[in-house]
Amino acid sequence: MAERPNLVVAMRPDIVDLVLPAPLRDRLAALATVHPRPVTDFGTGTSGPGAGGVDSGAADARGTTLPADALAATDILLTGWGCPPLDAAVLARAPRLAAVIHAAGTVKGHVRPEVWQRGIAVSSAADANAGPVVEFTLAAIWFAARRALGGAADYHRGLLPAYGDRRGADGAVVGVIGASRIGRGVIARLRAATAAYRILLADPYVTPEQAAALGAELVSPDDLCRAADIVTVHAPDLPETHHLLDARRLALLRNGAAVVNTARGRLVDTDALTRECASGRLDAYLDVTDPEPLPPGHPLHSLPNVLLTPHIAGAQGTEVQRLGAYAVAEVERWIRGEPLLGAVRADELARIA
């Protein structure tokens, strides 16, 4: 850009220091004129999720409303959790807005179609968030391949499996549903693992040749369920993927198979999975559930062959600054006129998370 751009950080103030620690804020200050406070309200009647409404110009522990003159002068929004919806009312008051750089994963919660219609560049740090999810998933697959939950339950009762009954990872069939960035990352890491996995892939947007290039065999979801020892889900949450693993497909899984879900809870029929796990036929490693959070007293909480974690597969704690670093690098690229690595296009919304 010919002139120094104006940048506003739109996210909950309680996460700013995690996402944008001082060195990253210094990089931003060298690039643009940064509004002094993170905002959670654009003064158009909508606030960010969980941010709460505040009076125009007022600030509290949850954030502040961006004054109208500052919104009118904004060139770049660096967004995060708690950003308000970017709808027609906001855009009408932000004539200079040219880029929305999201320091988190999905942009579906706040970026409305009008943003793309006006030609505003949109970027997401989903690539930076993918690494921790891939690693978490690989850990779950490794435990599942060895039936670690069942072994731990037996050990708790004082039982030790005979050496010949112990299961290893070599030769395990892993079925990956969805060639998303995380699904592809899981496939790549499985190929690089010391264990000799056989990898199946189900994805309607991938050809057999593309699957082979990834290192997987393309099959239908039903055939994947029939053949896999472990099924790991990496599809987006869309109407057509709701209960992708329903009672019928779960019944196709062989006895002793495991389901890993680090994507979205709605992809799996919780009631059907609960019945299969309660019978002891299937194991489950679930970082997401439907509903989320799973209510206290739900049967899945007490089953020894189910591991439940509270949606922690993505970037956590010190890892969150990876998202901020990715977003700041995107701001640098945009100012230099370079392509955005995390660019999100409107035509991708129907099939991405």
Practice problem: Place +1 on the Cβ of every Lys and Arg and -1 on the Cβ of every Asp and Glu in the chain, take the dipole about the Cα centre, and give the residue among 66, 31, 92 whose Cα lies farthest towards its positive end. | Solution: 31
Self-check item: Inter-part distance where the range 164-202 and the range 109-155 are each reduced to a Cα centre, Å
Solution: 16
Quiz prompt | Exposure ranking of 143, 136 by accessible area [1.4 Å probe, largest first] | solution = 143, 136
Exercise. Collect residues whose amide H, placed 1.01 Å from N in the peptide plane, falls under 5 Å from the amide H of residue 34; neighbours closer than 5 in sequence don't count.
Key: 7
Quiz item: What net charge is computed for the residues neighbouring residue 346, neighbours being all others with C-beta under 14 Å from the C-beta of residue 346, Lys and Arg scored +1, Asp and Glu -1?
Solution: +2
Quiz item: If Lys and Arg each add +1 and Asp and Glu each add -1, what is the summed charge of the other residues whose beta carbon sits under 11 Å from the beta carbon of residue 120?
Solution: +1
Quiz item: For residue 68 and residue 279 in the same chain, what is the full-extension length gain: residue separation times 0.36 nm, less their Cα-Cα distance, in nm?
Solution: 70.0 nm
Quiz item: Once phi is turned into ³J(HN,Hα) by the Karplus curve 6.51 cos²θ - 1.76 cosθ + 1.60 with θ = phi - 60°, what whole-Hz value does each residue of the range 198-208 show in order, with x for glycine and proline?
Solution: 9, 10, 10, 9, 10, 7, x, 9, 10, 8, x
Self-check item: Note, ³J(HN,Hα) from phi for the range 28-34, Karplus 6.51, -1.76, 1.60, rounded to Hz, x at Gly and Pro
Solution: 4, 4, 6, 9, 8, 8, 9
Quiz item: Given +1 on the Cβ of Lys and Arg, -1 on the Cβ of Asp and Glu, and no further charges, what dipole in debye does the chain carry about its Cα centre, rounded to the nearest 20?
Solution: 460
Practice problem: Just name one of 218, 241, 272: the one whose Cα is farthest towards the positive end of the charge dipole of the range 217-272 (beta-carbon charges, Lys/Arg +1, Asp/Glu -1). | Solution: 272
Self-check item: Packing-based ranking, highest mean first, of 289-298, 77-86, 14-23 given that Cβ atoms within 10 Å are counted
Solution: 77-86, 14-23, 289-298
Exercise. Sum up the charges of everything whose Cβ sits under 15 Å from the Cβ of residue 208, counting Lys and Arg as +1 and Asp and Glu as -1, but leave residue 208 out.
Key: -4
Exercise. Would you calculate, for the chain, the mean residue ellipticity at 222 nm contributed by helices, counting each DSSP H stretch of 4 or more residues as -39,500 (n - 2.57) and dividing by all residues, to the nearest 500?
Key: -9500 deg cm²/dmol
Quiz item: Going by average Cβ neighbours within 10 Å, how do the peptides 66-76, 189-199 rank, with the highest at the top?
Solution: 66-76, 189-199
Quiz item: What dipole magnitude, in Debye to the nearest 20, does the range 147-267 give about its Cα centre under +1 on Lys/Arg Cβ and -1 on Asp/Glu Cβ?
Solution: 340
Practice problem: Please pull out the direction-averaged projected area of the range 189-260, using the convex hull of its alpha-carbon atoms, in nm² to one decimal place. | Solution: 5.2
Practice problem: Report, by chain and number, residues whose modeled amide H sits under 5 Å from the one on residue 258, excluding near sequence neighbours (fewer than 5 apart, same chain). | Solution: 230, 231, 283
Quiz item: In whole percent, how big is the carbon plus sulfur part of the accessible area of the chain, probe 1.4 Å, protein atoms only?
Solution: 55
Exercise. May I ask you to evaluate 6.51 cos²θ - 1.76 cosθ + 1.60, the Karplus curve with θ = phi - 60°, for each residue of the range 171-177 and list the ³J(HN,Hα) values in order in whole Hz, giving x for glycine and proline?
Key: x, 5, 9, 10, x, 9, 9
Quiz item: Kirkwood Rh, Cα Rg: Rg to Rh for the range 266-353?
Solution: 1.17
Quiz item: Using a simple charge model, +1 on the beta-carbon of Lys and Arg, -1 on the beta-carbon of Asp and Glu, nothing else, what dipole does the range 258-353 show about its Cα centre, in debye to the nearest 20?
Solution: 80
Quiz prompt | Low-density loop cleavage sites - trypsin sites (Lys or Arg not before Pro) in the range 121-187, where at most 11 other Cβ are within 10 Å (DSSP) | solution = 157, 166
Quiz item: Under a 5 Å amide H to amide H cut-off, with H placed in plane at 1.01 Å, what residues pair with residue 201 once short-range neighbours are removed?
Solution: 176, 217, 218, 219
Quiz item: By its C-alpha gyration tensor, with a ≥ b ≥ c as the square roots of the eigenvalues, how is the range 1-44 shaped: rounded for a/c under 1.5, else prolate for a/b larger than b/c, else oblate?
Solution: oblate
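The values are calculated or read from the model by the stated rules, or taken from the named source; none is laboratory data. Note that the coordinates shown come from a computational prediction; the quantities given were computed from them, not determined experimentally. No Cβ is skipped: glycine too gets one built from the backbone with ideal geometry, and neighbour counts run over all protein chains shown. We work out accessible area using only protein heavy atoms, side chains counted, and drop any ligands, DNA or RNA first. Shrake-Rupley method; radii C 1.70, N 1.55, O 1.52, S 1.80 Å.
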